[in-house]
Amino acid sequence: MKSRNMMLAAAIVAAFGLAGCNSNRTPDNGGADSHRTETRATGGNTKTTGRVCQLLQDDNPNRGGRKVVYRCNGRAVLASDEAKRLLNPSVPVSFGSGGSVVQSNLITRQAANATGKSDEAACERAFINAAHKFQATAQSRNANRVSNFHSYYNRKILRGGQYDCEVGTFHARVVMRGDIAR
């Protein structure tokens with residue numbers, strides 16, 4: 001019985017050892033300029049085009065899981081074809097004030113699937129999801145516009161059409177705050 005348990009333990013250790021040898025990851029030397037450049041499909045991150053999002057905080061390889069933070073341009077996202085296709089044009093979304101406020105300082109936390117997408121595309125989609133959620137809330141409360149729409153990631157207000165987006169292993173997440181108005 002003892003030898004059988006020892007053989008089982010040895011087989012498990014050997015399996016873990018082989019799994020480590022077959023890993024596609026290259027060792028990270030921990031330097032500031034050591035960025036992973038593989039695609040998401042092989043376990044790394046996907047760089048952005050810089051058109052909409054800029055890197056704010058890179059991933060810490062010593063941390064379990066992935067966490068990258070980007071600062072993105074919400075005005076460019078709202079002007080995109082995808083936003084025009086998915087958002088309701090009769091309920092405008094604006095970054096400034098406007099109209100008679102029905103309810104102020106509403107917050108939504110929205111995510112988008114990041115699997116198989118660039119970080120930038122996932123951040124854009126999470127932002128569009130948040131804007132869509134505000135539009136639906138406005139319509140359900142007899143309002144016809146979203147105003148004062150701004151980022152509220154980590155409870156920090158970011159105005160001027162910019163927003164922060166956190167990208168993890170499987171999703172991108174934004175936190176937005178705004179008002180619904182008539």
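The values are calculated or read from the model by the stated rules, or taken from the named source; none is laboratory data. Computed from a predicted structure; not experimentally measured. Here the Cβ is made from the backbone with ideal geometry for all residues, glycine too, and neighbour counts use every protein chain on show.
Quick one: count up the residues across segment 160-172 that are farther than 16 Å from L106 by Cβ, touching a Phe, Trp or Tyr at 6+ places or on another chain (Cβ under 8 Å) and either among the basic types (K, R) or not in a loop (DSSP other than H, G, I, E, B) (or both).
Of the residues in that region, 4 qualify.
Listed by first and then second residue, the pairs with beta-carbon distance under 9 Å, at least 6 apart or on different chains, first residue in segment 163-180 and at positive phi, second at pLDDT below 95 and surrounded by fewer than 24 Cβ atoms within 10 Å (Cβ to Cβ), form an empty list.
Among the residues of segment 109-130, those that are in contact (Cβ under 8 Å) with a residue 60 or more places away in the chain, surrounded by fewer than 16 Cβ atoms within 10 Å (Cβ to Cβ) and farther than 16 Å from R177 by Cα comprise T115, G116. Selection within segment 89-108: residues that are surrounded by fewer than 14 Cβ atoms within 10 Å (Cβ to Cβ) and touching a residue at least 40 places away in the same chain (Cβ under 8 Å). The member of this set that is nearest to N154 (Cα to Cα) is I107. Look through segment 112-157, keep the residues that are among the hydrophobic types (A, V, I, L, M, F, W, C) and in contact with a helix residue (DSSP H, G or I) (Cβ under 6 Å, 6 or more places away or on another chain), and return whichever of them is farthest from L86 (Cα to Cα). Looking at the filtered set, the residue picked out is A114.
Applying the criterion of being under 14 Å from the mean Cα position of the chain (by Cα) and not polar (S, T, N, Q) to the residues of segment 66-76, the residue that is surrounded by the fewest Cβ atoms within 10 Å (Cβ to Cβ) is K67.
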